[in-house]
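One structure is given below, encoded as structure tokens.
The values are calculated or read from the model by the stated rules, or taken from the named source; none is laboratory data. Quick caveat, the model's predicted, so the values are computed rather than measured. Glycine gets a Cβ as well: all are built from the backbone with ideal geometry, and neighbour counts include every protein chain shown. SASA here: full protein model, heavy atoms, side chains in, ligands and nucleic acids out. Shrake-Rupley method; radii C 1.70, N 1.55, O 1.52, S 1.80 Å.
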Amino acid sequence: MRKNAFIFTMLMVAFSLSAQYQLPKLAYSYSALEPYIDSATMYIHYNNHHGAYTKNLNDALAKYPELQKKPINELFANMDQIPEDIKTSVRNNGGGYYNHVLFWELLSPASQSLMSPYVEAELKKAFGSLDKFKAEFEKAATTRFGSGWAWLIKEKNGAYRIVSTANQDNTLMSINKAQGHPVLALDVWEHAYYLKYQSKRAEYVKNFWKIVNWKKVEELMKK
Ligand code: MN
């Protein structure tokens, strides 16, 4: 029995070494975003949902070692070159993997959620005022029908734009109409808020402002 357990553990280690994508460590505890995002939602969202996207992405890429080695941004930028049999999986699970890695980094405990003068100036320049920026972002988040994401993106020409995407699509994917690198992201799938907020997505979206990691936003703005 013990020997079997040892062999199983070694197999799991070998598998995790061969799989390129791993669940990232969270920088905070499951309860750190309370009361705005509850710990049960964080636990399930991270382990079950993000965990499944990660596993399914690795499974899809296992047949294509040459794709496994490429950075995920490159896969997104050339979706038309991905083999037909895994294209949908890379889109859904690759998007799910990448979007959530970013999302966790863009959240922080409320006590540390402070907007720097740099971010404030950039947003005011782009949207006129912080209120206008927030209203437009909230609109993108609340009007996205079904499951998806709201984004603040920086386009190639340096302009900021607010958009939303369906499912796990993002603005790095060549199949998406809006193109640019994400600066802020909000998951508006029901799994992100339903335990606590039920159908009140707008309330979840409003509370998001209390737990944004603006340091990460600044880093992405300067990229
Ligand atoms: Mn999610």
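Selection of the stretch 115-144 for residues being over 17 Å from Val183 (Cβ atoms) and within 16 Å of the ligand (Cβ to nearest atom) yields only Arg144.
Screening the stretch 203-223 for residues that are under 22 Å from Leu123 (Cα atoms) and open to solvent by 60 Å² or more (accessible area, probe 1.4 Å) and picking the one that is modelled with the lowest pLDDT gives Lys223. Put simply, of Ala77, Ala40 the only residue that is at pLDDT 95 or above and either farther than 24 Å from Asn213 by Cα or open to solvent by 60 Å² or more (accessible area, probe 1.4 Å) (or both) is Ala77. For the stretch 63-74, what are the residues that are farther than 24 Å from Gln179 by Cβ and surrounded by 15 or more Cβ atoms within 10 Å (Cβ to Cβ)? Passing the criteria: Tyr64, Gln68. Name the one entry in Asn167, Asn157 that is surrounded by fewer than 18 Cβ atoms within 10 Å (Cβ to Cβ) and under 13 Å from the mean Cα position of the chain (by Cα). The unique qualifying residue is Asn167.
Within the stretch 182-192, identify whether any single residue is more than 16 Å from the ligand (Cβ to nearest atom) and crowded, with 20+ Cβ neighbours inside 10 Å, and answer yes or no. The answer is yes, given that some residue of the stretch 182-192 is more than 16 Å from the ligand (Cβ to nearest atom) and crowded, with 20+ Cβ neighbours inside 10 Å. Would you check if Leu26 is open to solvent by less than 50 Å² (accessible area, probe 1.4 Å), modelled with pLDDT of 95 or more, within 24 Å of Leu102 (Cβ to Cβ) and in a helix (DSSP H, G or I)? Here the answer is no, as Leu26 does not meet what is asked. Output yes when any residue across the stretch 44-61 is of a type in the set (A, V, I, L, M) and within 12 Å of the ligand (Cβ to nearest atom), and no when none is. Within the stretch 44-61 (the criterion being of a type in the set (A, V, I, L, M) and within 12 Å of the ligand (Cβ to nearest atom)), the answer is yes, since at least one residue qualifies.
Filtering the stretch 86-114 down to residues that are open to solvent by 50 Å² or more (accessible area, probe 1.4 Å) and in contact (Cβ under 8 Å) with a residue 12 or more places away in the chain, which residue is farthest from the ligand (Cβ to nearest atom)? Among them, the one singled out is Leu114.
Among the residues of the stretch 193-202, some residue qualifies, meaning at least one is farther than 19 Å from Leu123 by Cα, touching a residue at least 40 places away in the same chain (Cβ under 8 Å) and buried (at least 21 other Cβ atoms within 10 Å of the Cβ). Picking from residues in the stretch 131-154 that are open to solvent by 40 Å² or more (accessible area, probe 1.4 Å) and of a type in the set (A, V, I, L, M, F, W, C), the one that is farthest from the chain's Cα centre (by Cα) is Ala135.
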